[in-house]
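This report concerns only the one structure given below.
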Amino acid sequence: MTDWLSLATEGVRSLTPYEPGKPEEELERELGISDPVKLASNENPLGPSPRAVEAMRGLLAGVARYPDGHGFALKQALSRHLGVDPGWITLGNGSNDVLDLVARAFLGPRRSAVFSRHAFAVYPIATQAVGARARVAAALPADHPDQPFGHDLQAMREAVASDTRVIFIANPNNPTGTWVEGTHLRAFLESLPAEVICVVDEAYAEYVEEPAYPDTARWLDDFPNLVVTRTFSKIHGLAGLRVGYGISRPEVADLLNRVRQPFNVNSLGQAAAVAALEDEEHLRRSRELNRRGLVQLRDGLRARGLRWIPSIGNFLTVDVGRAAGPVYQALLREGVIVRPVANYGFPEHLRVTVGTEVQNTRFLQALDRVLGR
Ligand SMILES: *Cc1c(COP(=O)(O)O)cnc(C)c1O
């Protein structure tokens, strides 16, 4: 018998696959539940911009052609939108792809990446897959007044070793929803050795309304080792198309581009992303719905005596006060899909995406039945 495990590289041997949120169709198939509500993957409950859908419609017949491998139109649109040169943008098949490009360009055996405990699950996967070592910094304590379980930048700085080439910071972080202020992040970047690439993953940036949240895309003149990543999967409502991007200095973008698959972003995704970027009204409505939904969920949880980690994203991670696995399963039988986060070190929490008012109510009422309140 072949020992397949021994054939894999060392990093891959100890990896566990990413566990995505359960698709609605799967719940329908497995439990025969009709009309489930999915609040498990931080998708936009309003769906995509109608303009993005329209942009794709006109292109359907053209899919025999390869997409633009340079993503010219999308980079132009992003360049206008962000005020950076198109050469500073790296397109990805989702921003996860960009995280992977960073790992492949800068990590490998005898190198390490630093990230926080409870940070986004793709960081350890990208790191280990290329044979690099993960140096996991302790998070802020559970009783921290503002950012419980959040990134501890001091601990992260101390975790940087001579073999460290990449740092991943999620701002805000998923699944905690915690964030780092501009002044703290700036001081952290100033303290870093020049050879360490600092990735600031801003998948939820467009939702954030905190005045102290940094505008990192404007910091690249000061910090040539900075890579900012953003995505069309969250507020733009295009998760199924897989479009994300990195913003970095052109010297770094050139290196990322060397390991990028030539046609990593499909033609429909590129066109939809251009249209989505321009639909300010859809963004405004999405932000507004999220703002109200966060209030609704917090009020509902507070009324039920439950606690949550304060979040500035489009999700809340809730302490259910008991083993969360059975609560998750019971919610599934109620037709509500949320996200277990035991793999993030939270065995008694569940992450719920902010939905529409009706969806949030369904979640809260299902929670009542499941928790026996
Ligand atoms: C959702 C998410 C992403 C984005 O994933 P895509 O590959 O762009 O769909 C990146 N980082 C964090 C922290 C996320 O939560």
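What to note about this one:
- Divide the volume of the convex hull around the Cα atoms of the stretch 261-373 by the residue count and you get 143 Å³ per residue.
- Per residue, the chain exposes 45 Å² of solvent-accessible protein surface, assessed with a 1.4 angstrom probe and all protein chains in place.
- The chain: most fluctuating residue of VAL84, VAL259, VAL63 per GNM, C-alpha cutoff 10 Å: VAL63
- Loop-resident GluC sites (Glu not before Pro) (DSSP state other than H, G, I, E or B) in the stretch 166-213 with no more than 14 further Cβ atoms inside 10 Å of their Cβ: GLU195, GLU209.
- Taken about its Cα centre, the stretch 242-372 carries a charge dipole of roughly 360 debye when the Cβ of each Lys and Arg holds +1 and the Cβ of each Asp and Glu holds -1.
- If only the Cβ of Lys and Arg carry +1 and only the Cβ of Asp and Glu carry -1, the dipole of the stretch 181-303 around its Cα centre is close to 520 debye.
- Set of lysines near LYS22 by C-alpha distance (under 20 Å), chain-local residues within fewer than 8 positions excluded: LYS38, LYS234
- For the stretch 263-362, the set of trypsin sites (Lys or Arg not before Pro) satisfying both a DSSP loop assignment and a count of at most 10 other C-beta atoms within 10 Å is empty.
- Average projection, convex hull of the Cα set of the chain: 20.0 square nanometres.
- Projecting the Cα atoms of GLY335, GLN296, LEU153 onto the charge dipole of the chain, computed from C-beta unit charges around the Cα centre, puts GLY335 farthest toward the positive end.
- The magnitude of the dipole of the chain, with charges of +1 and -1 set on the Cβ of Lys/Arg and Asp/Glu and taken from the Cα centre, is near 460 debye.
- The chain: most fluctuating residue of VAL199, VAL295, VAL228 per GNM, C-alpha cutoff 10 Å: VAL295
- In plain terms, the chain from ASP368 to LEU7 could stretch by 125.1 nm, reckoned as 0.36 nm per residue minus the Cα-Cα distance.
- Residue among ALA64, TRP88, VAL53 farthest towards the positive dipole end of the stretch 1-98, charges placed on Cβ: TRP88
- Positive-end extreme of charge dipole, the chain - chosen from GLY372, PHE223, PRO124 (charges on Cβ): GLY372
- Euclidean distance of C-alpha centroids, the stretch 143-175 and the stretch 30-82, integer Å: 31 Å
- Rounded to 5, the percent of DSSP beta bridges in the chain classed as antiparallel: 50 percent
- Extension gain (nm, one decimal) between ALA303 and ASP146, 0.36 nm per residue minus Cα-Cα: 54.4 nm
- Projected label distance in nm at ALA155 and GLU190, using a 7 Å step from Cα toward the beta-carbon: 2.4 nm
- Sites matching trypsin sites (Lys or Arg not before Pro) across the stretch 62-159 that sit in DSSP coil, with at most 11 neighbouring C-beta atoms within 10 Å: ARG65, ARG110
- Derived scalar couplings between HN and Hα for the stretch 159-170 equal 6, 5, 10, 5, 8, 6, 10, 9, 10, 10, 10, 9 Hz in order, rounded to whole Hz, by the Karplus curve 6.51 cos²θ - 1.76 cosθ + 1.60 (θ = phi - 60°), x for Gly and Pro.
- Within a Gaussian network of the chain (alpha carbon springs, distance under 10 Å), most fluctuating of ASN171, ASN266, ASN42: ASN266
- Residues in the stretch 234-273 that a label on VAL63 would reach, taking backbone N under 16 Å of a point 7 Å out along Cα→Cβ: 239-243, 264-273
- Overall, the accessible surface of the stretch 91-152 at a probe of 1.4 angstrom is composed of carbon and sulfur to the extent of 47 percent.
The values are calculated or read from the model by the stated rules, or taken from the named source; none is laboratory data. Predicted, not measured: the structure shown is a model, and the values here were computed from it. Using ideal geometry, Cβ is built from the backbone for each residue, glycine included, and neighbour counts are taken over all protein chains shown. Side chains are part of the model used for accessible areas, which takes the heavy atoms of the whole protein and leaves out ligands, DNA and RNA. Shrake-Rupley method; radii C 1.70, N 1.55, O 1.52, S 1.80 Å.
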